[in-house]
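> Handing you this structure, nothing more for now.
Rule-based calculations on the coordinates, nothing more; no lab input. Just so it is clear, the model here is predicted, and its values are computed rather than measured. Heads up, the Cβs are rebuilt from the backbone with ideal geometry, glycines too, and the neighbour counts pull from every protein chain shown.
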């Protein structure tokens, strides 16, 4: 099996207003969202394909996705 890479995970739309969709062929173990200040603002330990980010303030966030003992981090922009 090939190693998991950042190209194996797709986040859309970006910028996002309400729902952030997460697509991956690899099983996701955990999703965390961090504000650009470093504070964790959301986390779930179950597989999900959609995250409602409408309650987040506008700005830059980092989405940490844990899968197959690897962590991938991607940047998103939240806009109203």
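> Restricted to region 1-46, and to residues that are touching a residue at least 40 places away in the same chain (Cβ under 8 Å), out of contact with any strand residue (DSSP E or B) (no Cβ under 7 Å at 6 or more places or on another chain) and closer than 21 Å to residue 70 by Cα, which residue is surrounded by the most Cβ atoms within 10 Å (Cβ to Cβ)?
Looking at the filtered set, the residue picked out is 5.
> Looking only at region 58-72, filter to residues that are in contact with a strand residue (DSSP E or B) (Cβ under 7 Å, 6 or more places away or on another chain) and without any contact (Cβ under 8 Å) to a residue 24 or more places away in the chain; which one of those is surrounded by the fewest Cβ atoms within 10 Å (Cβ to Cβ)?
Only one residue fits best here, namely 58.
> Another question, if that's okay. Go through region 47-57 and report how many residues are free of Cβ contacts under 8 Å to residues at least 24 places away in the same chain, surrounded by 12 or more Cβ atoms within 10 Å (Cβ to Cβ) and within 15 Å of residue 18 (Cβ to Cβ).
1
> Within region 58-77, can you find the residues that are farther than 12 Å from residue 34 by Cα and out of contact with any helix residue (DSSP H, G or I) (no Cβ under 7 Å at 6 or more places or on another chain)?
If the condition is that a residue be farther than 12 Å from residue 34 by Cα and out of contact with any helix residue (DSSP H, G or I) (no Cβ under 7 Å at 6 or more places or on another chain), then 58, 66, 67, 68, 69, 70, 71 are the ones that fit.
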